[in-house]
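Working notes, beginning with the structure itself.
The values are calculated or read from the model by the stated rules, or taken from the named source; none is laboratory data. Everything numeric in this text was worked out from a predicted model, so none of it was measured. As a convention, Cβ positions derive from the backbone with ideal geometry for all residues, glycine included, and neighbour counts pool all protein chains shown.
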Amino acid sequence: MQTKIFERFNFIVFICGFSLITFGLIAIYSATFGNELVSGNFNKQLISAIIGIFIVLAIMYTPPKYIAMSSYVFYIIVLIMLAAVLMLGKKIKGQTSWFSIAGFGIQPSEFAKVATVLALAFFLSSKTQDADVTKPKDFFYAVGICLIPVALIMLQPDMGTTLVFLFFLLPVLYWAGMPNYIMFFIVAPVITAICAFLGTWYFVAAVLFIIAMMFVFKRNLLISVVLVSLTIASGLSVNMVYNRLQPYQQKRIVSMFNPESDPLGAGYNVIQSKIAIGSGGLTGKGFLQGTQTQLKYIPEQWTDFIFCMVGEEFGFAGSIAVVLLFFILIWQTIHIAYMCKNQFLSICCIGFATIFSFHILINLGMIMGIMPVIGIPLPFMSYGVSFLLSNLIMLGIILNAYRNRKDYV
(Lines give C-alpha, C1' and ligand atoms only; values in the text may rest on other atoms or scores of the structure.)
Protein backbone atom coordinates (compact mmCIF):
# COMPACT_ATOMS: atom_id res chain seq x y z
CA MET A 1 0.00 0.00 0.00
CA GLN A 2 2.79 2.42 0.97
CA THR A 3 4.68 1.62 -2.24
CA LYS A 4 1.55 2.31 -4.28
CA ILE A 5 1.14 5.75 -2.67
CA PHE A 6 4.72 6.71 -3.54
CA GLU A 7 4.18 5.38 -7.05
CA ARG A 8 1.30 7.80 -7.68
CA PHE A 9 2.22 10.77 -5.50
CA ASN A 10 5.37 12.85 -5.88
CA PHE A 11 6.15 13.82 -2.30
CA ILE A 12 9.30 15.68 -3.38
CA VAL A 13 7.35 18.19 -5.50
CA PHE A 14 4.63 18.54 -2.86
CA ILE A 15 7.09 19.06 0.01
CA CYS A 16 9.21 21.54 -1.99
CA GLY A 17 6.16 23.59 -2.92
CA PHE A 18 4.72 23.83 0.56
CA SER A 19 8.13 24.29 2.21
CA LEU A 20 8.59 27.36 0.01
CA ILE A 21 5.11 28.58 1.00
CA THR A 22 6.08 28.13 4.66
CA PHE A 23 9.27 30.13 4.12
CA GLY A 24 7.16 32.77 2.41
CA LEU A 25 4.64 32.96 5.25
CA ILE A 26 7.42 33.39 7.80
CA ALA A 27 9.03 36.08 5.65
CA ILE A 28 5.72 37.93 5.08
CA TYR A 29 4.97 37.86 8.81
CA SER A 30 8.38 39.37 9.55
CA ALA A 31 8.21 41.96 6.74
CA THR A 32 4.73 43.16 7.84
CA PHE A 33 5.35 42.87 11.60
CA GLY A 34 4.42 46.11 13.36
CA ASN A 35 2.95 47.65 10.20
CA GLU A 36 -0.76 48.10 10.86
CA LEU A 37 -1.52 49.12 7.28
CA VAL A 38 -0.56 45.67 5.94
CA SER A 39 -1.02 43.54 9.06
CA GLY A 40 -3.73 41.53 7.29
CA ASN A 41 -1.44 40.39 4.47
CA PHE A 42 -0.12 37.43 6.46
CA ASN A 43 -3.64 36.18 7.23
CA LYS A 44 -4.71 36.54 3.58
CA GLN A 45 -1.65 34.60 2.42
CA LEU A 46 -2.23 31.91 5.06
CA ILE A 47 -5.90 31.51 4.07
CA SER A 48 -4.89 31.30 0.40
CA ALA A 49 -2.29 28.63 1.22
CA ILE A 50 -4.84 26.53 3.14
CA ILE A 51 -7.35 26.81 0.30
CA GLY A 52 -4.51 26.04 -2.09
CA ILE A 53 -3.89 22.64 -0.48
CA PHE A 54 -7.40 21.54 -1.47
CA ILE A 55 -6.97 23.05 -4.94
CA VAL A 56 -3.73 21.11 -5.46
CA LEU A 57 -5.28 17.82 -4.35
CA ALA A 58 -8.44 18.38 -6.42
CA ILE A 59 -6.44 19.09 -9.58
CA MET A 60 -4.06 16.21 -8.92
CA TYR A 61 -6.95 13.69 -8.85
CA THR A 62 -8.80 15.19 -11.84
CA PRO A 63 -8.58 12.96 -14.95
CA PRO A 64 -6.16 14.61 -17.44
CA LYS A 65 -8.73 14.56 -20.25
CA TYR A 66 -10.99 16.90 -18.28
CA ILE A 67 -8.12 19.33 -17.66
CA ALA A 68 -7.30 19.26 -21.37
CA MET A 69 -10.93 19.69 -22.45
CA SER A 70 -11.38 22.72 -20.16
CA SER A 71 -8.20 24.45 -21.39
CA TYR A 72 -9.85 26.65 -24.03
CA VAL A 73 -12.76 27.47 -21.70
CA PHE A 74 -10.34 28.59 -18.97
CA TYR A 75 -8.36 30.56 -21.56
CA ILE A 76 -11.46 32.42 -22.84
CA ILE A 77 -12.65 33.20 -19.30
CA VAL A 78 -9.23 34.68 -18.48
CA LEU A 79 -9.26 36.77 -21.66
CA ILE A 80 -12.67 38.17 -20.65
CA MET A 81 -11.27 38.98 -17.20
CA LEU A 82 -8.23 40.70 -18.73
CA ALA A 83 -10.53 42.85 -20.87
CA ALA A 84 -12.87 43.57 -17.95
CA VAL A 85 -10.09 44.64 -15.60
CA LEU A 86 -9.12 47.43 -18.00
CA MET A 87 -12.58 48.95 -17.54
CA LEU A 88 -13.54 47.89 -14.01
CA GLY A 89 -10.21 47.22 -12.33
CA LYS A 90 -8.52 49.10 -9.53
CA LYS A 91 -5.61 51.33 -10.57
CA ILE A 92 -2.54 50.87 -8.37
CA LYS A 93 0.78 52.58 -9.12
CA GLY A 94 -0.26 53.38 -12.67
CA GLN A 95 -1.39 49.82 -13.46
CA THR A 96 -5.00 48.69 -13.87
CA SER A 97 -4.37 45.02 -13.07
CA TRP A 98 -6.56 44.15 -10.08
CA PHE A 99 -10.16 43.51 -9.12
CA SER A 100 -10.93 44.15 -5.47
CA ILE A 101 -13.28 41.46 -4.11
CA ALA A 102 -14.10 41.21 -0.38
CA GLY A 103 -10.79 42.79 0.53
CA PHE A 104 -8.78 40.43 -1.66
CA GLY A 105 -6.97 41.67 -4.76
CA ILE A 106 -7.56 39.42 -7.78
CA GLN A 107 -5.06 39.81 -10.63
CA PRO A 108 -6.26 38.09 -13.84
CA SER A 109 -2.82 38.28 -15.49
CA GLU A 110 -1.48 35.72 -13.01
CA PHE A 111 -4.13 33.18 -14.02
CA ALA A 112 -3.52 34.10 -17.67
CA LYS A 113 -0.06 32.51 -17.45
CA VAL A 114 -1.59 29.16 -16.47
CA ALA A 115 -4.44 29.44 -18.96
CA THR A 116 -2.11 30.28 -21.85
CA VAL A 117 0.18 27.33 -21.14
CA LEU A 118 -2.87 25.03 -20.97
CA ALA A 119 -4.28 26.41 -24.25
CA LEU A 120 -0.91 26.06 -25.99
CA ALA A 121 -0.47 22.52 -24.67
CA PHE A 122 -3.95 21.54 -25.80
CA PHE A 123 -3.44 22.95 -29.30
CA LEU A 124 0.02 21.42 -29.73
CA SER A 125 -1.03 17.98 -28.42
CA SER A 126 -4.51 17.70 -29.92
CA LYS A 127 -4.85 14.67 -32.19
CA THR A 128 -7.81 16.23 -34.04
CA GLN A 129 -5.92 19.42 -34.91
CA ASP A 130 -2.69 17.56 -35.75
CA ALA A 131 -0.60 20.68 -35.05
CA ASP A 132 2.95 20.87 -36.37
CA VAL A 133 5.05 23.85 -35.23
CA THR A 134 7.31 23.48 -38.27
CA LYS A 135 4.35 24.59 -40.43
CA PRO A 136 3.95 28.39 -40.62
CA LYS A 137 0.18 28.21 -40.06
CA ASP A 138 0.42 26.19 -36.85
CA PHE A 139 3.44 28.17 -35.65
CA PHE A 140 1.62 31.51 -35.98
CA TYR A 141 -1.54 30.04 -34.44
CA ALA A 142 0.48 29.01 -31.38
CA VAL A 143 2.17 32.41 -31.22
CA GLY A 144 -1.26 34.06 -31.49
CA ILE A 145 -2.52 32.11 -28.46
CA CYS A 146 0.30 33.69 -26.48
CA LEU A 147 0.13 37.21 -27.95
CA ILE A 148 -3.60 37.84 -27.35
CA PRO A 149 -3.25 37.93 -23.52
CA VAL A 150 0.08 39.74 -23.93
CA ALA A 151 -1.66 42.55 -25.84
CA LEU A 152 -4.30 42.93 -23.10
CA ILE A 153 -1.68 42.87 -20.32
CA MET A 154 0.41 45.52 -22.09
CA LEU A 155 -2.63 47.82 -21.99
CA GLN A 156 -2.64 47.67 -18.17
CA PRO A 157 0.43 48.19 -18.55
CA ASP A 158 2.49 45.40 -16.94
CA MET A 159 5.84 44.87 -18.65
CA GLY A 160 7.12 42.31 -16.14
CA THR A 161 4.23 39.89 -16.69
CA THR A 162 4.46 40.43 -20.45
CA LEU A 163 8.07 39.22 -20.43
CA VAL A 164 7.01 36.00 -18.66
CA PHE A 165 4.74 35.11 -21.59
CA LEU A 166 7.43 35.81 -24.17
CA PHE A 167 9.91 33.72 -22.18
CA PHE A 168 7.86 30.53 -21.78
CA LEU A 169 6.61 30.48 -25.40
CA LEU A 170 9.89 29.29 -26.96
CA PRO A 171 10.59 26.36 -24.58
CA VAL A 172 7.00 25.17 -25.04
CA LEU A 173 7.31 25.29 -28.85
CA TYR A 174 10.72 23.61 -28.67
CA TRP A 175 9.33 20.78 -26.52
CA ALA A 176 6.49 20.41 -29.04
CA GLY A 177 8.98 19.76 -31.85
CA MET A 178 10.36 23.06 -33.12
CA PRO A 179 13.78 22.46 -34.83
CA ASN A 180 16.96 23.86 -33.33
CA TYR A 181 17.68 26.22 -36.21
CA ILE A 182 14.25 27.90 -35.96
CA MET A 183 14.77 28.41 -32.23
CA PHE A 184 18.14 29.96 -32.98
CA PHE A 185 16.57 32.12 -35.71
CA ILE A 186 14.15 33.57 -33.12
CA VAL A 187 16.59 33.95 -30.23
CA ALA A 188 19.58 35.37 -32.16
CA PRO A 189 18.21 38.93 -32.64
CA VAL A 190 17.36 39.14 -28.92
CA ILE A 191 20.87 38.05 -27.91
CA THR A 192 22.39 40.55 -30.34
CA ALA A 193 20.24 43.39 -28.99
CA ILE A 194 21.34 42.64 -25.41
CA CYS A 195 24.99 42.51 -26.47
CA ALA A 196 24.61 45.78 -28.39
CA PHE A 197 23.32 47.44 -25.23
CA LEU A 198 26.38 46.22 -23.32
CA GLY A 199 28.81 47.70 -25.85
CA THR A 200 30.14 47.72 -29.41
CA TRP A 201 32.57 44.84 -28.98
CA TYR A 202 29.88 42.64 -27.44
CA PHE A 203 27.70 43.43 -30.46
CA VAL A 204 30.48 42.53 -32.93
CA ALA A 205 31.19 39.29 -31.05
CA ALA A 206 27.48 38.34 -31.15
CA VAL A 207 27.27 38.92 -34.91
CA LEU A 208 30.41 36.84 -35.54
CA PHE A 209 29.01 34.06 -33.34
CA ILE A 210 25.74 34.03 -35.28
CA ILE A 211 27.58 33.90 -38.61
CA ALA A 212 29.59 30.92 -37.30
CA MET A 213 26.38 29.16 -36.19
CA MET A 214 24.97 29.50 -39.71
CA PHE A 215 27.81 27.27 -40.92
CA VAL A 216 26.99 24.77 -38.15
CA PHE A 217 23.30 24.58 -39.08
CA LYS A 218 24.16 24.56 -42.81
CA ARG A 219 21.03 26.43 -43.89
CA ASN A 220 20.74 27.89 -47.39
CA LEU A 221 22.30 31.25 -48.23
CA LEU A 222 19.01 33.20 -48.20
CA ILE A 223 18.09 32.08 -44.65
CA SER A 224 21.60 32.90 -43.44
CA VAL A 225 21.57 36.37 -44.98
CA VAL A 226 18.10 37.12 -43.54
CA LEU A 227 19.13 36.02 -40.04
CA VAL A 228 22.39 37.98 -40.03
CA SER A 229 20.55 41.05 -41.36
CA LEU A 230 17.92 40.78 -38.62
CA THR A 231 20.53 40.43 -35.90
CA ILE A 232 22.45 43.47 -37.12
CA ALA A 233 19.22 45.48 -37.40
CA SER A 234 18.16 44.49 -33.86
CA GLY A 235 21.53 45.54 -32.50
CA LEU A 236 21.49 48.89 -34.28
CA SER A 237 17.93 49.63 -33.10
CA VAL A 238 18.74 49.26 -29.39
CA ASN A 239 19.47 52.96 -28.84
CA MET A 240 16.28 53.96 -30.63
CA VAL A 241 14.18 51.61 -28.47
CA TYR A 242 15.94 52.75 -25.29
CA ASN A 243 15.22 56.41 -26.10
CA ARG A 244 11.51 55.60 -26.49
CA LEU A 245 11.27 54.09 -23.00
CA GLN A 246 9.68 56.03 -20.16
CA PRO A 247 12.19 57.89 -17.93
CA TYR A 248 11.48 55.57 -14.99
CA GLN A 249 12.16 52.53 -17.19
CA GLN A 250 15.48 54.01 -18.35
CA LYS A 251 16.44 54.70 -14.74
CA ARG A 252 15.72 51.09 -13.79
CA ILE A 253 17.98 49.80 -16.56
CA VAL A 254 20.78 52.22 -15.66
CA SER A 255 20.43 51.40 -11.96
CA MET A 256 20.85 47.70 -12.79
CA PHE A 257 24.43 48.41 -13.82
CA ASN A 258 25.00 51.22 -11.31
CA PRO A 259 22.46 51.43 -8.47
CA GLU A 260 24.41 54.32 -6.94
CA SER A 261 23.49 56.49 -9.96
CA ASP A 262 20.06 57.02 -8.38
CA PRO A 263 20.41 55.93 -4.72
CA LEU A 264 17.16 57.54 -3.58
CA GLY A 265 15.13 56.55 -6.64
CA ALA A 266 15.42 53.59 -9.00
CA GLY A 267 18.48 52.19 -7.22
CA TYR A 268 17.16 52.53 -3.67
CA ASN A 269 15.55 49.09 -3.30
CA VAL A 270 18.56 47.35 -4.84
CA ILE A 271 21.01 49.10 -2.49
CA GLN A 272 18.90 48.30 0.58
CA SER A 273 18.40 44.68 -0.50
CA LYS A 274 22.15 44.19 -0.89
CA ILE A 275 22.70 45.61 2.59
CA ALA A 276 20.01 43.32 4.02
CA ILE A 277 21.36 40.14 2.44
CA GLY A 278 25.00 41.02 3.08
CA SER A 279 24.36 41.74 6.78
CA GLY A 280 22.80 38.32 7.35
CA GLY A 281 26.10 36.47 7.45
CA LEU A 282 26.14 32.69 7.66
CA THR A 283 23.14 32.02 9.89
CA GLY A 284 21.35 35.39 9.92
CA LYS A 285 20.35 37.83 12.63
CA GLY A 286 17.41 35.77 13.79
CA PHE A 287 13.66 35.86 13.22
CA LEU A 288 12.26 39.41 13.64
CA GLN A 289 15.79 40.70 14.31
CA GLY A 290 16.69 42.02 10.87
CA THR A 291 17.31 45.77 10.98
CA GLN A 292 16.57 46.44 7.29
CA THR A 293 13.39 44.37 7.49
CA GLN A 294 12.06 45.54 10.85
CA LEU A 295 12.91 49.21 10.29
CA LYS A 296 11.12 49.03 6.90
CA TYR A 297 14.06 50.29 4.84
CA ILE A 298 12.82 48.25 1.85
CA PRO A 299 9.36 49.45 0.70
CA GLU A 300 6.73 46.72 0.32
CA GLN A 301 9.31 44.06 1.01
CA TRP A 302 6.62 41.39 1.33
CA THR A 303 6.14 41.42 -2.46
CA ASP A 304 9.05 41.42 -4.93
CA PHE A 305 11.85 41.77 -2.34
CA ILE A 306 10.70 39.07 0.06
CA PHE A 307 13.96 37.12 -0.37
CA CYS A 308 15.83 39.94 1.41
CA MET A 309 14.16 38.95 4.67
CA VAL A 310 15.38 35.37 4.27
CA GLY A 311 18.94 36.54 3.60
CA GLU A 312 18.99 38.97 6.52
CA GLU A 313 17.23 36.98 9.22
CA PHE A 314 18.23 33.42 8.21
CA GLY A 315 21.53 34.20 6.53
CA PHE A 316 23.41 32.28 3.86
CA ALA A 317 22.11 28.97 5.23
CA GLY A 318 18.47 29.99 4.86
CA SER A 319 19.07 31.51 1.42
CA ILE A 320 20.75 28.35 0.13
CA ALA A 321 17.91 26.23 1.54
CA VAL A 322 15.36 28.27 -0.44
CA VAL A 323 17.43 28.16 -3.64
CA LEU A 324 17.86 24.38 -3.30
CA LEU A 325 14.11 23.92 -2.87
CA PHE A 326 13.52 25.88 -6.07
CA PHE A 327 16.19 23.89 -7.91
CA ILE A 328 14.73 20.54 -6.83
CA LEU A 329 11.20 21.64 -7.75
CA ILE A 330 12.20 22.74 -11.25
CA TRP A 331 14.41 19.70 -11.84
CA GLN A 332 11.59 17.39 -10.76
CA THR A 333 9.10 19.21 -13.01
CA ILE A 334 11.35 18.84 -16.06
CA HIS A 335 11.96 15.19 -15.16
CA ILE A 336 8.21 14.58 -14.95
CA ALA A 337 7.76 16.25 -18.36
CA TYR A 338 10.39 13.87 -19.77
CA MET A 339 8.74 10.77 -18.24
CA CYS A 340 5.12 11.70 -18.95
CA LYS A 341 3.60 9.87 -21.93
CA ASN A 342 0.68 12.28 -22.09
CA GLN A 343 1.91 15.01 -24.44
CA PHE A 344 -0.55 17.59 -23.10
CA LEU A 345 0.67 17.22 -19.51
CA SER A 346 4.30 16.99 -20.64
CA ILE A 347 4.07 20.34 -22.46
CA CYS A 348 2.29 21.88 -19.45
CA CYS A 349 5.15 20.83 -17.16
CA ILE A 350 7.73 22.45 -19.43
CA GLY A 351 5.68 25.65 -19.55
CA PHE A 352 5.35 25.75 -15.76
CA ALA A 353 9.03 24.93 -15.19
CA THR A 354 9.94 27.82 -17.50
CA ILE A 355 7.60 30.23 -15.70
CA PHE A 356 9.07 29.29 -12.32
CA SER A 357 12.62 29.56 -13.67
CA PHE A 358 12.03 33.01 -15.19
CA HIS A 359 10.48 34.35 -11.99
CA ILE A 360 13.28 32.98 -9.83
CA LEU A 361 16.15 34.17 -12.04
CA ILE A 362 14.73 37.67 -12.54
CA ASN A 363 13.63 38.10 -8.93
CA LEU A 364 16.95 37.01 -7.42
CA GLY A 365 18.76 39.00 -10.11
CA MET A 366 16.78 42.11 -9.12
CA ILE A 367 17.72 41.65 -5.48
CA MET A 368 21.42 41.20 -6.30
CA GLY A 369 21.40 44.16 -8.67
CA ILE A 370 22.17 42.25 -11.86
CA MET A 371 18.66 42.53 -13.33
CA PRO A 372 16.37 45.56 -13.72
CA VAL A 373 13.59 45.97 -11.17
CA ILE A 374 10.53 45.05 -13.26
CA GLY A 375 8.05 43.75 -10.69
CA ILE A 376 8.60 39.99 -10.88
CA PRO A 377 7.59 38.22 -7.62
CA LEU A 378 9.18 35.09 -6.18
CA PRO A 379 7.11 31.90 -6.69
CA PHE A 380 5.24 30.56 -3.63
CA MET A 381 6.89 33.16 -1.37
CA SER A 382 5.96 36.69 -2.44
CA TYR A 383 2.69 38.08 -1.10
CA GLY A 384 -0.20 37.96 -3.54
CA VAL A 385 -3.39 35.91 -3.44
CA SER A 386 -3.69 35.53 -7.22
CA PHE A 387 0.02 34.80 -7.61
CA LEU A 388 0.01 32.11 -4.92
CA LEU A 389 -3.16 30.45 -6.20
CA SER A 390 -1.85 30.41 -9.79
CA ASN A 391 1.38 28.81 -8.53
CA LEU A 392 -0.65 26.17 -6.69
CA ILE A 393 -2.75 25.42 -9.78
CA MET A 394 0.51 24.78 -11.65
CA LEU A 395 1.74 22.61 -8.78
CA GLY A 396 -1.47 20.57 -8.92
CA ILE A 397 -1.11 19.96 -12.66
CA ILE A 398 2.54 18.94 -12.20
CA LEU A 399 1.47 16.40 -9.56
CA ASN A 400 -1.30 15.24 -11.90
CA ALA A 401 1.30 14.69 -14.64
CA TYR A 402 3.36 12.55 -12.26
CA ARG A 403 0.31 10.58 -11.15
CA ASN A 404 -0.65 9.85 -14.77
CA ARG A 405 2.86 9.76 -16.26
CA LYS A 406 2.44 6.21 -17.61
CA ASP A 407 -0.87 6.88 -19.34
CA TYR A 408 -1.15 8.22 -22.89
CA VAL A 409 -4.64 9.66 -22.32
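Evaluate the following for Gly351: is it assigned to a helix (DSSP H, G or I), touching a Pro at 6+ places or on another chain (Cβ under 8 Å) and closer than 30 Å to Glu7 by Cα? First the steps, then the outcome.
On the way: assigned to a helix (DSSP H, G or I): yes; touching a Pro at 6+ places or on another chain (Cβ under 8 Å): yes; closer than 30 Å to Glu7 by Cα: yes.
Considered against the rule, which asks whether it is assigned to a helix (DSSP H, G or I), touching a Pro at 6+ places or on another chain (Cβ under 8 Å) and closer than 30 Å to Glu7 by Cα, Gly351 comes out as yes.
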>> Can you go through Leu378, Leu345, Leu388 and tell me which one is assigned to a loop (DSSP other than H, G, I, E, B) and either of a type in the set (Gly, Ala, Ser) or in contact (Cβ under 8 Å) with a residue 60 or more places away in the chain (or both)?
In response: Leu378
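If only one of Gln301, Gln289 is of a type outside the set (Val, Ile, Thr) and within 18 Å of Ser382 (Cβ to Cβ), which one is it? Steps first, answer last, please.
Values: Gln289 fails: within 18 Å of Ser382 (Cβ to Cβ).
Result: Gln301 is the single residue among Gln301, Gln289 that is of a type outside the set (Val, Ile, Thr) and within 18 Å of Ser382 (Cβ to Cβ).
Would you call Val238 surrounded by 13 or more Cβ atoms within 10 Å (Cβ to Cβ) and modelled with pLDDT of 70 or more? If you could, list the steps in order and put the result at the bottom.
Working: surrounded by 13 or more Cβ atoms within 10 Å (Cβ to Cβ): yes; modelled with pLDDT of 70 or more: yes.
For Val238, the condition - surrounded by 13 or more Cβ atoms within 10 Å (Cβ to Cβ) and modelled with pLDDT of 70 or more - is met.
Per-residue answers, yes or no, for (1) in contact (Cβ under 8 Å) with a residue 12 or more places away in the chain; (2) crowded, with 18+ Cβ neighbours inside 10 Å; (3) not assigned by TED's automatic domain parsing to the domain that holds Pro136:
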{"residue": "Gln156", "(1), (2), (3)": "yes, yes, no"}
{"residue": "Thr162", "(1), (2), (3)": "yes, yes, no"}
{"residue": "Tyr202", "(1), (2), (3)": "no, no, yes"}
{"residue": "Met214", "(1), (2), (3)": "yes, yes, yes"}
{"residue": "Val226", "(1), (2), (3)": "no, no, yes"}
{"residue": "Ser234", "(1), (2), (3)": "yes, yes, yes"}
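Here are Val172, Val187: which of them is modelled with pLDDT of 90 or more and either assigned to a loop (DSSP other than H, G, I, E, B) or out of contact with any Lys or Arg (no Cβ under 8 Å at 6 or more places or on another chain) (or both)? Walk me through it before giving the result.
Numbers: Val187 fails: modelled with pLDDT of 90 or more.
When all the criteria are applied, what remains is Val172.
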> Which one of these is hydrophobic (A, V, I, L, M, F, W, C) and touching a residue at least 24 places away in the same chain (Cβ under 8 Å): Leu37, Leu25?
Replying inline: Leu25
>> Yes or no: the stretch 331-343 includes at least one residue that is under 19 Å from Phe18 (Cβ atoms) and either of a type in the set (Asp, Glu) or buried (at least 23 other Cβ atoms within 10 Å of the Cβ) (or both).
In response: yes
>> For the stretch 1-21, which positions are at pLDDT 75 or above, surrounded by fewer than 17 Cβ atoms within 10 Å (Cβ to Cβ) and not in a helix (DSSP H, G or I)?
In response: Phe9
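Give the residue, chosen from Ile362, Ile367, Ile347, Ile397, that is within 22 Å of Ser48 (Cβ to Cβ), assigned by TED's automatic domain parsing to the domain that holds Met60, of a type outside the set (Gly, Ala, Ser) and crowded, with 22+ Cβ neighbours inside 10 Å. First the steps, then the outcome.
Values: Ile362 fails: within 22 Å of Ser48 (Cβ to Cβ); Ile367 fails: within 22 Å of Ser48 (Cβ to Cβ); Ile347 fails: within 22 Å of Ser48 (Cβ to Cβ).
The unique qualifying residue is Ile397.
Looking only at the stretch 370-388, filter to residues that are of a type in the set (A, V, I, L, M, F, W, C) and within 9 Å of the chain's Cα centre (by Cα); which one of those is surrounded by the fewest Cβ atoms within 10 Å (Cβ to Cβ)?
Restricting attention to the stretch 370-388, the residues satisfying the condition of being of a type in the set (A, V, I, L, M, F, W, C) are 370-371, 373-374, 376, 378, 380-381, 385, 387-388.
From what is left, the residues that are within 9 Å of the chain's Cα centre (by Cα) are 376, 378.
On the way: Ile376: 24, Leu378: 28.
Step by step, filter the stretch 370-388, then rank; the result is Ile376.
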> So how many residues does the stretch 270-304 have that are of a type in the set (S, T, N, Q) and part of a loop (DSSP other than H, G, I, E, B)?
Replying inline: 4
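Looking only at the stretch 316-324, decide whether some residue is surrounded by 17 or more Cβ atoms within 10 Å (Cβ to Cβ) and more than 14 Å from Asn363 (Cα to Cα).
yes
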